[in-house]
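Here, each number is a calculation from the coordinates, and none is a lab measurement. These numbers were taken from a predicted model, which means no experiment stands behind them. Counting neighbours? That spans all protein chains shown, and the Cβs are built from the backbone with ideal geometry, glycine included.
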Amino acid sequence: MLNITVAGTTLSTYYLSDPALFLREQHDRVGADDAADGIRHAKRELRRLVADIDETSTTGETRKRMLTWLSCFGWSFAGSLPTIDEPVPGRASAPDGQPGSADLVSVLITPPGQHLDASPTGRRAGKLRPQRQGEVCAREHRLPAVLLSNGSELRVIRRDPGLGGEASYLSVDLAGLAELGDDHEWRVLWALLRPEAFTPDHTGENLWKRVEDASSEAATAVSENLSGGVRAAISAIANGALHHWRQHQRPIPEPRNLFAEALKIAYRLLFVAYAEDRGLLPVGTPSYDRGYSLRALRKEILTEAGWAPDGGLLWNSLQASWSLLRDGIDAGELQITGFNGGLFDPAKCPLLDDPAMTVGDTFVSLALS
């Protein structure tokens with residue numbers, strides 16, 4: 001997902017973005033029945049918010065527009081709001097349109113243009129940075145979440161990690177969502193921003209707790225399978241390289257050198273998978289998904305059959321992706337900063353990054369699956 005990202009390890013972008021996971025597993029709890037109308041209303045209101053709020057807007061104007069947008073998801077706020085620096089309690093709307101009986105979130109609004117990770121005073125001893133204010137609010141108010149926003153970004157903060165702890169939150173790029181948000185992103189946001197997502201069910205758990213537990217279980221499963229997956233990828237890549245050299249009657253290099261480079265290829269695959277999972281790469285952008293996405297490539301492997309041992313489609317796609325990550329790109333919606341270091345340096349992987357090398361599709365498909 002391009003406009004919805006996570007910080008910390010509490011949530012998994014992969015779990016939220018895969019259509020076969022979050023929205024399917026939690027189908028009965030994501031508000032699918034009224035999603036279409038609600039999302040249409042929220043889209044319209046978000047476009048107004050983005051058009052109206054800029055760095056010249058007051059905090060009061062920003063708060064008013066943000067609360068209006070959040071009401072599209074079913075939130076109600078007391079008619080008499082607290083002072084501008086104080087959190088606004090949010091409740092579910094009752095059938096008569098009035099606020100419900102229980103506070104579910106606190107809404108904190110900062111001045112537009114205020115970075116959420118920077119101190120408003122610019123000094124270490126000054127006012128707490130907004131992210132830290134949200135974490136303290138989460139601890140003191142003991143509500144399911146704090147919604148923190150500066151009018152251009154919205155963060156959902158669930159807990160206080162303590163001083164020095166790793167920040168954990170879900171972040172929404174409001175301007176990006178208004179302009180480029182796709183149907184999946186909006187359905188995920190509709191599921192997670194409604195008051196029902198913060199309301200305990202008959203088991204005492206709310207949707208956010210279920211998503212956090214499912215994200216943790218997914219991470220555990222990945223960890224348990226990681227060592228076996230790395231070994232399988234190394235074997236597949238090495239066997240594909242050996243097949244290429246034998247087919248072209250080339251000398252076979254030392255096994256130690258081949259293993260070292262196959263291991264580097266496995267690390268590249270892990271790096272890209274992690275970067276896509278954490279929202280560090282523009283997954284969901286058509287130009288990235290069509291030509292460079294590892295996730296899209298893996299889906300293609302699962303749906304296609306009969307990969308040829310000498311075919312080079314998959315290997316060429318991987319090489320194009322690694323080249324993009326090494327050099328970076330700034331082309332319209334495709335924005336990637338080049339990753340420094342030796343992982344993608346062809347000089348440090350001369351056998352497998354040789355332009356004449358093609359690891360066949362059969363072997364690459366095994367490495368990716």
Mean projected area (nm²) of the alpha-carbon convex hull when the range 262-305 is viewed from all directions: 3.6 nm²
Under 5 Å, built H, 5+ apart or other chain: amide partners of V105: G90
HN-Hα J in Hz across the range 149-155 - Karplus 6.51, -1.76, 1.60, θ = phi - 60°, x for Gly and Pro: 8, 10, x, 10, 9, 10, 10
Footprinting exposure proxy for K264, K64 (fewest neighbouring C-beta atoms within 10 Å first): K64, K264
Kirkwood estimate for the chain, i.e. one over the average of 1/r between Cα atoms, Å: 22.9 Å
Computed E for H202/A308 - FRET, C-beta separation, R0 56 angstrom, nearest 0.05: 0.55
Rounded Å value of the spacing that divides the Cα centres of the range 343-369 and the range 1-76: 40 Å
Taking the range 28-104 and dividing mean pair separation by its residue count, relative contact order in percent (alpha carbons under 8 Å, at least six apart): 22 percent
Helix-only [θ]222 nm of the chain, DSSP H runs n ≥ 4, -39500 (n - 2.57) each, per residue, nearest 500: -15000 deg cm²/dmol
Partner lysines for K64 [C-alpha distance under 28 Å; skip if fewer than 8 residues away on the same chain]: K43, K127
Relative contact order for the chain, counting Cα pairs under 8 Å that sit 6 or more residues apart, in percent: 18 percent
Residues H115 and N316, FRET efficiency given R0 of 56 Å [Cβ-Cβ distance, rounded to 0.05]: 0.85
Proxy reagent accessibility, fewest Cβ within 10 Å first, across V146, V50: V50, V146
Lysines whose Cα lies under 30 Å from that of K348, excluding same-chain neighbours fewer than 8 positions away: K264, K299
Packing-based exposure ordering (other Cβ within 10 Å, fewest first) of L67, L351, L207: L351, L67, L207
Inter-part distance where the range 120-188 and the range 302-338 are each reduced to a Cα centre, Å: 33 Å
Gain in span if fully extended, D289 to Y267, counting 0.36 nm per residue against the direct Cα distance: 5.8 nm
Test item: Cα-centred dipole of the chain, Lys/Arg +1 and Asp/Glu -1 on Cβ, debye: 640 debye
